[in-house]
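Written below as structure tokens is the structure these notes are about.
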Amino acid sequence: MTKTTHRVWKYGDNINTDVIFPGKYTYTISHDPVQLARHALEDLDPAFAARAQEGDVIVAGRNFGNGSSREQAVTCLVHAGLRAVIAGSFARIYYRNAINNGLLAIECPSIVDCVETGDILEIDMAAHELRAGGRSFSFAPMPEEVRAILDAGGIIAYLSAQD
């Protein structure tokens, strides 16, 4: 992934894992990709799952993914077609779960107040830059190891390719 263009879904601060993937489904549909995607963000934005498209991204405020460590809060977004979550900051375990499951997670607090749902955003991984509304926003480069995991589609695919 070098330079890609995406449609934005905008949310606020402290989006926790219970609203990303409702806990009531944790043990009933935990491995069914279609069902996981169907319930993505259901308690925050009931229209999201029906309207999300392949390649969309979420832009959110601080502390995205706080709460439990359940991976369904990441995999439901992956199965809904999201390519990235860009946030002011992430709960650390959510950030690592995102990387492990092949979901790009970028911290860039400066973009949060500059985009809205439906805006178009460009991610330029080579330049470590986001572009939206004629403006550019820098983010910290990712370590090569993290980029390799993301490029492989997650930690399992990455490790399988090492054999």
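Among the residues of the stretch 134-150, which ones are outside any strand (DSSP E or B), surrounded by 13 or more Cβ atoms within 10 Å (Cβ to Cβ) and in contact (Cβ under 8 Å) with a residue 24 or more places away in the chain? Outline the logic, then answer.
So in the stretch 134-150, the residues outside any strand (DSSP E or B) come out as 134, 139-150.
Next, only the ones that are surrounded by 13 or more Cβ atoms within 10 Å (Cβ to Cβ) stay: 139, 142, 146-150.
Result: PHE139, VAL146, ILE149, LEU150.
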Q: Give the residues of the stretch 57-85 that are under 9 Å from the mean Cα position of the chain (by Cα) and either over 16 Å from GLU42 (Cβ atoms) or in a helix (DSSP H, G or I) (or both), sorted by residue number.
A: VAL57, VAL59, VAL74, LEU77, VAL78, ARG83, ALA84, VAL85
Q.
Testing ARG62 on (1) open to solvent by less than 20 Å² (accessible area, probe 1.4 Å); (2) under 14 Å from THR17 (Cα atoms); (3) touching a Gly at 6+ places or on another chain (Cβ under 8 Å), one condition comes back false. Which one is that?
A. (1)
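In the list ASP18, ASP13, which residue meets the criterion of being out of contact with any Cys (no Cβ under 9 Å at 6 or more places or on another chain) and in a helix (DSSP H, G or I)?
Working: ASP13 fails: in a helix (DSSP H, G or I).
Testing whether each residue is out of contact with any Cys (no Cβ under 9 Å at 6 or more places or on another chain) and in a helix (DSSP H, G or I) leaves just ASP18.
Is one or more of the residues making up the stretch 67-86 open to solvent by 10 Å² or more (accessible area, probe 1.4 Å) and either touching an Asp or Glu at 6+ places or on another chain (Cβ under 6 Å) or under 19 Å from PRO109 (Cα atoms) (or both)?
yes
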Q.
Quick check on the stretch 100-116. Is at least one of its residues acidic (Asp, Glu), open to solvent by 10 Å² or more (accessible area, probe 1.4 Å) and over 14 Å from the mean Cα position of the chain (by Cα)?
A. yes
(Q) So the check is Cβ under 7 Å with 6+ separation or different chains; which pairs have a first residue in the stretch 151-163 that's more than 10 Å from ASN101 (Cα to Cα) and part of a helix (DSSP H, G or I) and a second one that's of a type outside the set (Lys, Arg) and open to solvent by 80 Å² or more (accessible area, probe 1.4 Å)? (A) ASP151/MET1
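Can you find a residue in the stretch 18-41 that is open to solvent by 70 Å² or more (accessible area, probe 1.4 Å) and touching a Ser or Thr at 6+ places or on another chain (Cβ under 6 Å)? Give the derivation first.
The initial filter retains those residues of the stretch 18-41 that are open to solvent by 70 Å² or more (accessible area, probe 1.4 Å), namely 18, 24, 27-28, 31, 34, 38.
Within this subset, residues satisfying the condition of being touching a Ser or Thr at 6+ places or on another chain (Cβ under 6 Å) are none.
No - not one qualifying residue is present in the stretch 18-41.
Would you point out the residue of the stretch 42-56, among those that are closer than 17 Å to PRO22 by Cβ and assigned to a loop (DSSP other than H, G, I, E, B), that is most open to solvent (accessible area, probe 1.4 Å)? First the steps, then the outcome.
Just the residues of the stretch 42-56 that are closer than 17 Å to PRO22 by Cβ, to begin with: 42-50, 52.
In the following step, the residues that additionally are assigned to a loop (DSSP other than H, G, I, E, B) were identified as 42-47, 52.
Numbers: GLU42: 45, ASP43: 88, LEU44: 64, ASP45: 32, PRO46: 112, ALA47: 36, ALA52: 20 Å².
This residue is PRO46.
Look through the stretch 21-41, keep the residues that are of a type in the set (D, E, K, R) and outside any loop (DSSP other than H, G, I, E, B), and return whichever of them is farthest from ARG70 (Cα to Cα). Break it down into steps so the answer makes sense when it comes.
To start, the set of residues in the stretch 21-41 that are of a type in the set (D, E, K, R) comprises 24, 32, 38.
Cutting the leftovers down to outside any loop (DSSP other than H, G, I, E, B) gives us 24, 38.
Working: LYS24: 12, ARG38: 17 Å.
Ranking the candidates gives ARG38 first.
Take the stretch 117-132 and flag every residue that is open to solvent by 60 Å² or more (accessible area, probe 1.4 Å) and either at pLDDT below 95 or within 16 Å of LYS3 (Cβ to Cβ) (or both).
Residues satisfying the conditions are ILE120, ALA126, ARG131.
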Q) Somewhere in the stretch 5-14, is a residue on the phi > 0 side of the Ramachandran plot, touching a residue at least 24 places away in the same chain (Cβ under 8 Å) and among the small types (Gly, Ala, Ser)? A) no
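The values are calculated or read from the model by the stated rules, or taken from the named source; none is laboratory data. Everything numeric here is computed off the predicted structure, so don't read it as measured data. Cβ atoms come from the backbone with ideal geometry, glycine included; neighbour counts cover every protein chain shown. Calculation scope for accessible area: heavy atoms of the full protein, side chains included, ligands and nucleic acids excluded. Shrake-Rupley method; radii C 1.70, N 1.55, O 1.52, S 1.80 Å.
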